[in-house]
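The next block holds one structure in the form of structure tokens; read it before the comments.
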Amino acid sequence: MHTTVNMLQAKSSLSRLVESIELGQEREIVIARNGRPVAKLVPIDVTTSKNRIGIAKGLFDVPDTIDANNAEVAKLFIGESLS
């Protein structure tokens, strides 16, 4: 189901209509001109990932030796033996 508003109502209450979409109170709002649907206000599909880059920033200290074994790690990535 959707809500339909006329153009004048949409112009005078756009902030309220957008807020209704943001809060999930409305899934879509159809804007009509002279009783004919012409546009649709819908939420942008924004999916937030639980694994965001930088989400652990400041939660641990990176040791100075973090790059000490880069050569060995690189060999493992390309499939070379470490022996």
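The values are calculated or read from the model by the stated rules, or taken from the named source; none is laboratory data. All figures in this text were calculated on a predicted structure; none of them were measured in a lab. Counting neighbours? That spans all protein chains shown, and the Cβs are built from the backbone with ideal geometry, glycine included. The protein model used for the area step is the full one, side chains on, heavy atoms only, and it has no ligands, DNA or RNA in it. Shrake-Rupley method; radii C 1.70, N 1.55, O 1.52, S 1.80 Å.
Once amide H atoms are placed 1.01 Å from N in the peptide plane, what residues at a sequence separation of 5 or more from residue 26, or on another chain, have their amide H within under 5 Å of its amide H?
Here the answer is 21, since their amide H atoms fall under 5 Å of that of residue 26.
Rounded to the nearest whole Å³, what is the per residue volume of the convex hull around the Cα atoms of the chain? Please report the intermediate quantities before stating the final value.
Values: hull volume 16.7 nm³, N = 83.
Expressed per residue, the convex hull around the Cα atoms of the chain is 202 Å³.
Given a 10 angstrom Cα cut-off, can you work out which residue in 41, 17, 59 is the most mobile in a GNM of the chain?
Judging by the Gaussian network model, the answer is 59.
Report the net charge of residues surrounding residue 33, where surrounding means a beta-carbon distance below 14 angstrom and charges are Lys +1, Arg +1, Asp -1, Glu -1.
Neighbour charge sum, excluding residue 33 itself: +3.
Please give the calculated 222 nm ellipticity per residue for the chain, where each DSSP H segment of at least 4 residues contributes -39500 (n - 2.57) and the sum is spread over every residue; nearest 500 deg cm²/dmol?
That calculation yields -8000 deg cm²/dmol at 222 nm.
Per residue, how much accessible surface does the range 20-83 expose to a 1.4 Å probe? Answer in Å², no decimals.
Counting only protein heavy atoms, the per-residue value for the range 20-83 is 94 Å².
So which trypsin sites (Lys or Arg not before Pro) in the range 49-83 pass both tests, a DSSP loop state and at most 15 other Cβ atoms within 10 Å of the Cβ? Each step should come with its number before you reach the end.
Working: sites: 50, 52, 57, 75; in loops: 50, 52, 57.
The qualifying sites are 50, 52, 57.
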